[in-house]
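Worksheet for the structure shown next.
Laboratory data are not the source of any read-out in this text; all were calculated from the coordinates shown. Owing to the predicted nature of the structure, the values given are computational and were not obtained by experimental measurement. Note that we place each Cβ from the backbone using ideal geometry, even for glycine, and neighbour counts take in every protein chain shown.
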Amino acid sequence: MRQAVSRRYDNLASGEGRAPDLILIDGGKGQVASAFSALADLGLSHLPMVGVAKGEERKVGMETLIFPDGRKPLHLASDHFALHLIQEVRDEAHRFAITGHRAQRGKARKTSKLESLAGVGPARRKALIARFGGLPGVLAATADQLADVPGISRELAENIYSALH
């Protein structure tokens, strides 16, 4: 939480951007304290902030609002319009985060370890996969076997082997 808040508001501390009307933290006392501490380190402790904590049984409609200044937590009625708005904002933030994580995982699955190796471009990658039948075969190959592939020098073969093991 601390790192995320610091990254998000660092530009504001250096005079760039516009301050938010309210910072909504998805979490209880610990998360709010961590976020508040990060803002204080940036000289932004004056920004309004509230945390949204799920109730002890973590049931929807039992949320509590937590304030960084030590005020008594506020429990809103389950049918209160403000609670519904806060729930919608929180749910949208969760959806956004989950979508982002899924995209990262999908990209990682589609990216071959060979793509990140220095000196191995599309032609050499294709030659390695053709020779060894795919990434598992390349991973199982020795440096000598890698060097036998056309276009792969002994030095590059050793670099590939070292990077993959």
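Have a look at GLY51, GLY106, GLY151 and tell me which one the Gaussian network model of the chain (Cα, springs below 10 Å) gives the largest fluctuation.
GLY151
At LEU135 and ASP10, where each label point lies 7 Å from the Cα along Cα→Cβ, what is the point-to-point distance in nanometres?
About 3.0 nm, to one decimal.
Go through [x] 8.9; [y] 14.9; [z] 9.6 and flag the label whose value is the computed mean projected area of the Cα convex hull in nm² for this structure.
Evaluating mean projected area of the Cα convex hull in nm² on these atoms matches [y].
Could you work out how much longer the chain between LEU85 and GLN145 gets when fully extended? Use 0.36 nm per residue separation minus the Cα distance between them, nm to one decimal. All intermediate terms of the calculation are to be shown ahead of the outcome.
Numbers: separation 60, 0.36 × 60 = 21.60 nm, distance 6.18 nm.
Answer, rounded to one decimal: 15.4 nm.
Looking at the range 1-142, what % of its DSSP beta bridges pair antiparallel, to the nearest 5?
55
Suppose every K and R has +1 on its Cβ and every D and E has -1 on its Cβ; what is the size of the dipole of the range 1-144 about the Cα centre, in Debye to the nearest 20? Could the numbers behind the result be given before it?
Details: 22 positive and 15 negative charges, 202 e Å.
Using only the charged Cβ atoms, the result is roughly 980 debye.
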